[in-house]
Every structure is written in C-alpha cells, then in structure tokens.
Amino acid sequence: MPDNFETLFQIRKPIIGMIHLSGNTPSDKVKRALEELTVYQEEGVDGAIIEDYHGSVDDVYGTLKESSTRGFKIVRGVNLLRNPYSSFRLASEFGAKFIQFDSVQTPNLNLGLYNQLRVEYPTIAVLGGVGFKYTKPIENTLETDLKEGREKCEAIVTTGSGTGIETPIEKLREFKRLLGDFPLIVGAGVDLRNVSEQLRNTDGAVIGSYFKPDRYTYLPVDRNRVRNLMKIVKEVRSI
C-alpha cells in the first residue's frame, strides 16, 4: 500500500513546489530542475512535483534519473500532463513517492487502466484532482465526486480557474466540510498574501508560479520568494 498523506511527508500542512522544466535545451532544463530542487530542499519545502509543463517526458525522465543519484531528501513526485498514466512507471523507476493526476473524476479517467496501475504500483501515492483547473465540469454532485475521488487517491487536490489564480476560499471550505479528515490540497494560486488563510482551510499546498519572479513560469525559482513564504508556513504550523 502507498504511504498515506501524513506519513508521505511526515509534517503538518506540507508545501509541494512545482518544477516546470523550463529552459532552452533538454540539458538546460534538467540542470535548472536540479537547481530548483536544491533551493526547495534548502528552504524547507517538503515535496516537489516534476512536471512536463514546459518540457517533455524525456525531460521528466532525465530530471528523475539525475535527481535519484544526488541524495535529495525532498519528497519527489511526478505529473505527466500529456499522459498521466505513465507517471506511475517513472515514479517507481526513480524512487519518486507520489504522482499527481489532475482529475480522478470518473468520466475523466480510463478507470480500468487506472485501477490496474494502482495494483501494479502499490507503493505510489496519488494526489487526485477534483474540480481542477482546465478540466471539464461533469454532472455529478460535489459530494458524489469527492466520495468517489477519495476512494481513488491519498489526497484530493483542487484549484481555482487557472494557473496562478487564487482558489476561492469558499470552495476550499466546502470541499473540506465534505471531506472531513481526508486530506485536501490547494493546488493553485497560493502566495505570500493568502497562504495563511489557504492553509488554515486545507491540509497542504502545491505552489508553482508564485515561486517565480513576476509569476512567470519560464523563469527560475526565486529563493527569496520561497524563503519568505516558508516563514509564514512555519508560523501556521505552530498554531
């Protein structure tokens, strides 16, 4: 069985940084990804998702392979936007502990393949999207979607309408009311201004564009942005 969310990160309200794989060449993308993993780890970020946002599957592969030999302690994850089912294999091959599926809502899944992969890769945890940005709405009630979703993954992730756009606090509160003790992750729009309130209503956050200068995802991670946000995170955890 995969680790549950609490044992996966071993800390309250973990912060997961995105690795967007931006850069001019494949080698540049891997080099920058390793530098960003180092910044995240040194500044106390708990996990990192290596995603083919600006890169390819080969770039994800190269980053996972190189990072697996560098002794990183940060918990690594994978999100293949173009073929999420392949995330299981890549994560398993290079010691990543979790993957993200932007939607685990039944109409958006090849459910037979997904269930087969869950059995084939029993130690890989899944952060599963419900009401995720850029996914098509379906006709189920939110209660039904969350009930089905929690059976497919170790934590639910939700967002607002797009990358870098704040997730409405009312949405997070309603999700958390229906999920109860099941982990809820806010997956977009967290920044220095709202992180305290967002974390008070969730169990963790995925943060990507805020860690970049001017929120421009092609740019390298800004260490000061990471450091300043993590200071507030530590304050929230102490309450």
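The values are calculated or read from the model by the stated rules, or taken from the named source; none is laboratory data. Keep in mind the model is a prediction, meaning the values are calculated, not measured. Don't worry about glycine lacking a Cβ; one is built from the backbone with ideal geometry, like all the others, and counts go over all protein chains shown.
Structure above, values below:
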{"quantity": "Tabulated pairs, the range 144-158, first modelled with pLDDT of 95 or more, second acidic (Asp, Glu) and surrounded by fewer than 24 Cβ atoms within 10 Å (Cβ to Cβ), C-beta under 6 angstrom, 6+ apart or interchain", "calculated": "none"}
{"quantity": "Residue 55 being buried (at least 22 other Cβ atoms within 10 Å of the Cβ), more than 30 Å from residue 236 (Cα to Cα), within 17 Å of the chain's Cα centre (by Cα) and among the small types (Gly, Ala, Ser)", "calculated": "yes"}
{"quantity": "Cβ-Cβ under 7 Å pairs, at least 6 apart or on other chains, the range 210-239 side within 12 Å of residue 45 (Cα to Cα), far side among the small types (Gly, Ala, Ser) and not in a helix (DSSP H, G or I)", "calculated": "211/17; 230/44"}
{"quantity": "Subset of the range 133-175 that is buried (at least 20 other Cβ atoms within 10 Å of the Cβ) and β-branched (Val, Ile, Thr) - its residue that is nearest to the chain's Cα centre (by Cα)", "calculated": "157"}
{"quantity": "Restricting the range 92-127 to residues that are over 20 Å from the mean Cα position of the chain (by Cα) and over 24 Å from residue 187 (Cα atoms), the residue that is surrounded by the most Cβ atoms within 10 Å (Cβ to Cβ)", "calculated": "116"}
{"quantity": "Considering residues of the range 176-213 that are of a type in the set (Lys, Arg) and over 19 Å from residue 142 (Cα atoms) only, the residue surrounded by the fewest Cβ atoms within 10 Å (Cβ to Cβ)", "calculated": "193"}
{"quantity": "Number of the condition not met by residue 33 [criteria: (1) within 16 Å of residue 206 (Cα to Cα); (2) not in a loop (DSSP other than H, G, I, E, B); (3) not charged (D, E, K, R)]", "calculated": "(1)"}
